[in-house]
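Novice: Have a look at this one before I ask anything.
The values are calculated or read from the model by the stated rules, or taken from the named source; none is laboratory data. Bear in mind that the values here come from a model prediction, so they are computed numbers and not experimental data. Backbone-built Cβ (ideal geometry, glycine too); neighbour counts: all protein chains shown. Surface accessibility is based on the protein's heavy atoms, side chains included, excluding ligands, DNA and RNA. Shrake-Rupley method; radii C 1.70, N 1.55, O 1.52, S 1.80 Å.
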Amino acid sequence: MTLAVRDLTIRFGGVTAVANMSLDVGAREIVGLIGPNGAGKTTFINCIAGVNRSVAGSAVWGGREILGLSPAALLRLGVARTFQSVVSLHDLTVLDVVKLGAAAHARRRSGFIAQFFGSERTFEDELCESLLKPLNLADVARSPIQTLSYGQRKSVDLARALAAEPQMLYLDEPVAGLTYQEGLNMGAVIRSVRDRFGCSVIMVEHKMDVVMATCDRITVMAHGSRIFEGTPAEVQTDQEVRRVYLGDA
Amino acid sequence: MTTRTVLIAAALAVAVALVGYEANRFWAYLIYAVAISSIGAMSLNLLIGFCGQITFAQGALIGVGAYTAGNLGNAGWGALSLLGAGLCGALASALIGLPALRLRGLYFAISTLAAQFIFSYLFKILQPLTNGVSGLVVKPLVLFGRPVASDQEYAVISIVLLFLSWLFLSRLAQTDVGRALLVIRESELVARGMGIDVSRTKMKAFLVSGFFAGLCGGLLAFTSRFANPEAFEIGLSVDQTAMIIVGGLGSLAGSVIGAVFVTLLPEAIQRLGELMPSADLVSAFREMAFGVLIILFLLLEPRGLVSLGQRLRSRWSGSKSNAGTAVTIPLRDRSRTFAMPAFNRRKV
């Protein structure tokens, strides 16, 4: 399935945060979305994730218009996302959060009655094996979120999104706040996730080494619209991108 | 909730029920009073402690349950009148919860306060159903074809219903619905972003909470054989809130512990007062005790007696304790975190 966003415009009062932004994501493709602060990257992601409203444009995912759908409806269509800053959900354990992610996916989840009366042991073991182990979370599966480090919480957020078995994954700054090594690991994890689940990925990120190593294609945003698109190698040599990031020389 | 927890709770319930059955009337009264308050406190904790919806209309819901059970019982519905009380409580609770779909936090709390006063007024003026200010006389509960007359039997019935309610609510907490409630408490924005249908989940919480509040009211009507408007005013809501704050917000066991504490405290003060020369002083002290208690708990132990117990246990067991039970975040710290959800801190 592919995603095609056309001429998306988002305004907050008089401020145009995103103007005529277009983006295509092919099946099993990892697209990096980069740009200076205030370029509108997160606003763009929030909009196609059903959080912000757009004033114009369209976003077609697998033949269906998805603008205006709620996050819950998007999850049912296989579109999941992670958040830039993770909140600590104090009393919930890692498994609780991941199960909530899986809850969005009806096929994977037993009904209320079955949950009410049955034991979830086998389901928990399955989640541990398929999701938590690859993300190095198996040891803390039953720990409350508040006892985890920031990096681990980021991984939990990713595990939660993956538990819904998405076909399209939006990652909002998955590496921000992580150490250099954690960041590189996360990049590798994202590629392995794509290979294992066969999903497409849109990744907003500032850390260039991770972006260059992870993405198949990179879109550069500035002032709310796309200014460049190409492979990582092309982006590094483009004059316009350099100007936007570094100013006129 | 493990099988071991259920077995311990069941054993405890059987033991207390046996004591209640064998004890004298006064002890039987204490047991059913605590059990009935516990059901109400658990239902309130589901809304405030689990779902984060602060409500002051608990007294009104218990009243709805009491009048429903009273009228149905008098009409000869038997045990079904308790079910009816629960269902009417659920219905009233859903009605009171409707503003929560649009209002948050303090604004919603104020709307429930208004609801509490409206219901108090309705109890007074709906003469045919409530018999107004003079109160509704309730016939004894008819169970298996015979009326339940003794306090000892009510103690057993209340304990059994408390156990079943606890079983239901603690199972509910371990389903997706229960987990979703906790996320909504921390941040509605995050819950929405995670794909949780916030409005529907809140409504479910109101329905379930209202059912058990109604059940609590029904039992209250049958045990006191009387339902009058003064019993279901804001004071009852305050008592119930005191129970969950003292016991522990977001903990079912805490609700029961809080109910024990808050129900037995006046009795203890009464005993203490009988030793003192001045009776006026004692009654004044009784009024004050609740307020002082709530303030002290909010300041010193915001997560209630349950977290106090957990801390003591982890200290005793030393290195054996796991990190999970040892860490308790005071509520005041948490309120700071969830006043500022992830979305607001975003830099674009």
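Novice: Which three semi-axes in whole Å describe the equivalent ellipsoid of the protein assembly as shown, each the square root of 5 times a Cα gyration tensor eigenvalue, listed largest first?
Specialist: After scaling each eigenvalue by five and taking roots: 53, 25, 22 Å.
Novice: Which of the trypsin sites (Lys or Arg not before Pro) found in the stretch B:230-312 are in a DSSP loop and have at most 11 neighbouring Cβ atoms, other than their own, within 10 Å?
Specialist: none
Novice: Another question about this same structure. Please express the Cα-Cα pair-distance distribution P(r) of the stretch B:173-214 as a list of whole percents, one per 10 Å bin, running from 0 to the bin with the greatest distance.
Specialist: 31, 54, 14, 1
Novice: Find the Rg to Rh ratio for chain B, where Rh is the Kirkwood radius over alpha-carbon pairs and Rg uses the same atoms. Provide the component values of the computation, followed by the final result.
Specialist: Working: Rg = 20.5 Å, Rh = 21.0 Å.
Taking Rh as the inverse mean 1/r over Cα pairs, Rg/Rh reads 0.98.
Novice: Rounded to the nearest 500, what is chain A's calculated 222 nm mean residue ellipticity when only DSSP H runs of at least 4 contribute -39500 (n - 2.57) each, over all residues? Spell out each step's value before the answer.
Specialist: Values: 10 runs with 90 residues, N = 249.
Only helices count here, giving -10000 deg cm²/dmol.
Novice: Structure shown: which of A:LYS133/B:LYS202; A:LYS154/B:LYS204; A:LYS133/A:LYS154; B:LYS124/B:LYS204 lie over 25 Å apart, alpha-carbon to alpha-carbon?
Specialist: A:LYS133/B:LYS202; A:LYS154/B:LYS204; B:LYS124/B:LYS204
Novice: Calculate how large, on average over all directions, the projected area of the Cα convex hull of the stretch B:132-290 is; give the answer in nm² to one decimal.
Specialist: So the Cα hull casts an average projection of 12.6 nm².
Novice: Additional query: How much area per residue is accessible in the protein assembly as shown when the probe is 1.4 Å and only protein heavy atoms are counted (Å²)?
Specialist: 44 Å²
Novice: Now a separate question. What residues does the stretch B:153-189 have that are buried by at least 50 Å² of accessible area in the full protein assembly compared to the chain on its own, 1.4 angstrom probe?
Specialist: B:ARG171, B:THR175, B:ASP176, B:ARG179, B:GLU186
Novice: Mind putting a number on the dipole of the stretch A:92-165 about its Cα centre? Charges go on the C-beta only, +1 for Lys and Arg and -1 for Asp and Glu, and I need it in Debye to the nearest 20.
Specialist: 180 debye
Novice: How big is the dipole moment of the stretch B:3-345 about its Cα centre under a simple scheme where the beta carbon of each Lys and Arg is +1, that of each Asp and Glu is -1, and everything else is neutral? Debye, nearest 20, please.
Specialist: Approximately 1080 debye in magnitude.
Novice: When Lys and Arg each count +1 and Asp and Glu each count -1, what net charge do the other residues less than 11 Å away from A:VAL25, Cβ to Cβ, add up to?
Specialist: -1
Novice: From the Cα gyration tensor of the stretch A:71-171, with a ≥ b ≥ c the square roots of its eigenvalues, which class applies: rounded if a/c is under 1.5, or else prolate if a/b is larger than b/c, or else oblate?
Specialist: It is oblate, given that a/c is not under 1.5 and a/b is not larger than b/c.
Novice: So if R0 is 45 Å, what FRET efficiency would B:LEU101 and B:ARG4 give, r being the distance between their Cβ atoms, rounded to the nearest 0.05? List each step's numbers first, then the result.
Specialist: Details: r = 39 Å, r/R0 = 0.87.
The calculated FRET efficiency here is 0.70.
Novice: How large is the convex hull of the C-alpha atoms of chain A per residue, in Å³?
Specialist: Numbers: hull volume 32.4 nm³, N = 249.
It is 130 Å³ per residue.
Novice: Rounded, prolate or oblate: which fits the stretch B:245-313, taking a ≥ b ≥ c as square roots of the Cα gyration tensor eigenvalues, rounded meaning a/c under 1.5, else prolate when a/b beats b/c?
Specialist: The shape class here is prolate.
Novice: Right, here's the next one. Taking a cut-off of 17 Å between Cα atoms, list the aspartates and glutamates near B:LYS139, but don't count ones fewer than 8 places away on the same chain.
Specialist: Within the straight-line cut-off, B:LYS139 pairs with B:ASP151, B:GLU153.
Novice: What whole-number distance in Å separates the alpha-carbon centres of the stretch B:225-299 and the stretch A:29-101?
Specialist: After rounding, the separation between the Cα centres reads 47 Å.
Novice: How high is the relative contact order of chain A, given as a whole-number percent (alpha carbon pairs under 8 Å, six or more residues apart)?
Specialist: 28 percent
Novice: Continuing with this model, one more query. What's the buried accessible area, both sides, between A and B using a 1.4 Å probe, rounded to 100 Å²?
Specialist: Details: alone 11670 and 17900 Å², together 26430 Å².
Accessible area lost upon association: around 3100 Å².
Novice: Another question, then. For A:CYS215, what accessible area in Å² do you get when you roll a 1.4 Å probe over the heavy atoms of the protein chains, rounding to the nearest 10?
Specialist: Only protein atoms counted, so the area is about 10 Å².
Novice: I've got another one for you. Which shape class applies to the stretch B:1-152: rounded if a/c is under 1.5, otherwise prolate when a/b exceeds b/c and oblate if not, where a ≥ b ≥ c are the square roots of the Cα gyration tensor eigenvalues?
Specialist: Oblate, since a/c reaches 1.5 and b/c is not below a/b.
Novice: Please report how far the C-alpha centroid of the stretch B:154-203 lies from that of the stretch B:112-145, rounded to the nearest whole angstrom.
Specialist: Distance between centres, Cα-based: 28 Å.
Novice: Something else about it: With all protein chains present, calculate the accessible area of A:HIS206 using a 1.4 Å probe and round the result to the nearest 10 Å².
Specialist: Spelled out: A:HIS206, probe radius 1.4 Å, area about 60 Å².
Novice: Can I ask one more? Could you look at the protein assembly as shown and say what percent of its accessible area is carbon and sulfur, using a 1.4 Å probe and all protein chains?
Specialist: On the protein assembly as shown, the fraction of accessible area on carbon and sulfur atoms equals 63 percent.
Novice: Build a GNM of chain B with springs between Cα atoms under 10 Å: which of B:LEU265, B:LEU293, B:LEU275 gets the top mean-square fluctuation?
Specialist: Looking only at B:LEU265, B:LEU293, B:LEU275, the largest GNM fluctuation is found for B:LEU275.
Novice: Moving on to the next point. Report, in degrees rounded to the nearest 10, the 0 to 90 angle that the Cα long axis of helix A:150-163 makes with the longest principal axis of chain A.
Specialist: Around 80 degrees separate the two axes.
Novice: Something else about it: Could you point to the residue in A:ALA80, B:ASN24, B:LEU129 farthest towards the positive end of the protein assembly as shown's charge dipole, with +1 and -1 charges on the Cβ of Lys/Arg and Asp/Glu respectively?
Specialist: So the residue we want is A:ALA80.
Novice: Then there is this: With the contact rule set at Cα under 8 Å and sequence spacing of 6 or more, what percent relative contact order holds for chain B? Write out the running numbers ahead of the final one.
Specialist: Values: 543 pairs, mean separation 97.6, N = 348.
About 28 percent, as a whole number.
Novice: Here's something else I'd like to know. Considering chain A as a Gaussian network with a 10 Å cut-off on Cα pairs, which listed residue, A:SER119, A:SER85, A:SER143, attains the greatest mean-square fluctuation?
Specialist: Per the Cα network of chain A with a 10 Å cutoff, A:SER119 tops the list.
Novice: What number, rounded to the nearest 500 deg cm²/dmol, is the helix-based mean residue ellipticity at 222 nm of chain B, given -39500 (n - 2.57) per DSSP H run of at least four residues and division by all its residues?
Specialist: -24000 deg cm²/dmol
Novice: Now for a separate question. Test of understanding: in a Gaussian network model of chain A with alpha carbons linked when under 10 Å, which of A:ALA233, A:ALA59, A:ALA114 would top the mean-square fluctuation ranking?
Specialist: A:ALA114
Novice: What is the distance in Å between the Cα centres of the stretch A:169-184 and the stretch B:1-40?
Specialist: After rounding, the separation between the Cα centres reads 52 Å.
Novice: Right, something else. Give, ordered by residue number, each residue of the stretch A:140-177 whose 1.4 Å probe accessible area is reduced by a minimum of 30 Å² on adding the remaining protein chains to the chain alone.
Specialist: Buried by the other chains: A:GLN146, A:THR147, A:ARG160.
Novice: Using a 1.4 Å probe, how large is the accessible area of A:LYS207, given in Å² and rounded to the nearest 10?
Specialist: 70 Å²
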